[in-house]
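Notes to accompany the following structure.
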Amino acid sequence: MGVFSYRSSLLASERYRWYALGMTTLGQAAANILASAFGPLAPFLQADLHISRAEVGLVATAMSLTAAPSALFGGRAADRVGERRVLILSGVMGVLAAIAVSASVGFWSLVVTCLFLGLGNGIQNPAGSAAVMRWFPQHQRGLAMGIRQTGVPIGGMLAAGVAPVLALYYGWRAAYLASGVLSLLGVVLTIVAYFDPLRRVGAAVVPVRSFRELTRDPRLLRLALVFGCQVFTQMAATTYFVLFLHESLGASVVTAGALFVVVNVAAMVARIGWGLVSDRQFRGKRRPVLVLIVVLTICSSLGAALLPAHTPLWIVALLSILFGVSAFAWTGILGTLVVEVVGAESAGSAISLVQVLSTPATLFSPPLFGLLADLSGSYRASWLVLSGIGMIGLLTLRWVQEDESV
């Protein structure tokens, strides 16, 4: 009885919500290490498995193919049985997938293992986002979601900074297995230190909205389109940014990996910064900040398309920062807006539904980007297509309205 009493008082404390936020952020970072490692390891995968640029994109597509349907399960389960169980399940699946990926003997076996990896990653994001929405009041949600979403660039930064170096000395399989060890650490921390917020009981409980009801909400559908346009650029850049710098701009694999670290550092800072700007400067308004982020995303793709072959390193670093603060820093603001449109009680279901509706973007972005590069012999056409897709998202935001009470 004493243990349960202590846990109840702990969960009711003001400080624990920030502690819980730290746990969900670490879990996000651990999951994203596994998803992000394929981009920095792409040159090694090409050399070992003799695959094309488009086939590198198919590896990312394999993860997205299973992540979409599993996201529905993860979001619904988080709303009904709690986020903690879903986060633990996601972590365990990630560890098993890391072992399987490191043991792959060919391209198709790699694709199959990535299908399993996608299942675990798919249920992680809606559960973690729902946890933040339920732990924090509205006036802190932008900042909290921004902090939680720093797990994505932290994971990407570790993958880009460590994986290529380990691969040079020990091979890409050992490098990926090391990523699995970090994912295992995230699972252990979640089991030991994270607990779900106490839920309301009685007549005041707001029911979870059904998927059918959510699909009839026009604002949610528009936000799903914006999500798809933004994730199209992020998926392509995650998969090909290192290859682009290496092949088009002549950067070494290690230097290109370091610049991708710059992307993720900028994203980590920007996700928190955008949340603060939204909470304080715009008094909880998310749409104006999201418009600015989308504009900067379009500028980053145009900048990549226009860079000449022998661009000075400092200009490439500036472009990396621009990618980080835009194409890699939008999820916190958009996710917060999604939840505030539908209500916190349906947070997991809404976020997972938005992910599923944007499935075409996650599936087709990496292989299409790579195919255009293969056919044209350069990356310019690929980046220009991303700019056009970003414009679609920007135009869609014109018809997204926030509640006046926000």
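Regarding Leu384, is this residue more than 19 Å from Gly228 (Cα to Cα) and either among the charged types (D, E, K, R) or outside any loop (DSSP other than H, G, I, E, B) (or both)?
When the stated conditions are applied, Leu384 does not pass them.
Just checking, which of Leu117, Leu72, Leu89 is crowded, with 24+ Cβ neighbours inside 10 Å and either at pLDDT below 90 or closer than 21 Å to Leu185 by Cβ (or both)?
Leu117
Within the range 25-53, track down each residue that is touching a Phe, Trp or Tyr at 6+ places or on another chain (Cβ under 7 Å) and part of a helix (DSSP H, G or I).
Residues of the range 25-53 touching a Phe, Trp or Tyr at 6+ places or on another chain (Cβ under 7 Å): 37, 39-41, 44-45, 48-49, 51.
Scanning the range 25-53 gives Phe44, Leu45, Asp48, Leu49.
When the residues of the range 314-349 are narrowed to those that are free of Cβ contacts under 8 Å to residues at least 60 places away in the same chain and farther than 28 Å from Asp279 by Cβ, which ends up surrounded by the fewest Cβ atoms within 10 Å (Cβ to Cβ)?
Residues of the range 314-349 free of Cβ contacts under 8 Å to residues at least 60 places away in the same chain: 314-315, 317-319, 321-322, 325-326.
With farther than 28 Å from Asp279 by Cβ added as a condition, the list becomes 314-315, 317, 319.
Values: Trp314: 8, Ile315: 13, Ala317: 15, Leu319: 23.
Top of the filtered list is Trp314.
Any residue in the range 296-307 that is among the aliphatic types (A, V, I, L, M) and crowded, with 24+ Cβ neighbours inside 10 Å? Step through it out loud before you land on a result.
Here is the first cut: in the range 296-307, the ones among the aliphatic types (A, V, I, L, M) are 296, 298, 302, 304-307.
Filter once more, keeping what is crowded, with 24+ Cβ neighbours inside 10 Å: 304.
Checked the range 296-307: at least one residue is among the aliphatic types (A, V, I, L, M) and crowded, with 24+ Cβ neighbours inside 10 Å.
Just checking, how many residues over the range 256-272 are farther than 19 Å from Tyr379 by Cα and either in contact (Cβ under 8 Å) with a residue 60 or more places away in the chain or surrounded by fewer than 18 Cβ atoms within 10 Å (Cβ to Cβ) (or both)?
So the count comes out to 11.
Determine if the range 241-249 includes at least one residue that is in a helix (DSSP H, G or I) and at pLDDT below 80.
No - not one qualifying residue is present in the range 241-249.
In the range 273-292, how many residues are within 14 Å of Pro153 (Cβ to Cβ) and surrounded by 21 or more Cβ atoms within 10 Å (Cβ to Cβ)?
Count: 2.
Quick check on my filter: what residues within the range 323-363 are in contact with a Cys (Cβ under 8 Å, 6 or more places away or on another chain) and more than 20 Å from Phe260 (Cβ to Cβ)?
Ala361
The values are calculated or read from the model by the stated rules, or taken from the named source; none is laboratory data. Because the structure is a prediction, the values reported are computed rather than measured. So basically every Cβ, Gly included, is an ideal-geometry build from the backbone, and we count neighbours across all protein chains shown.
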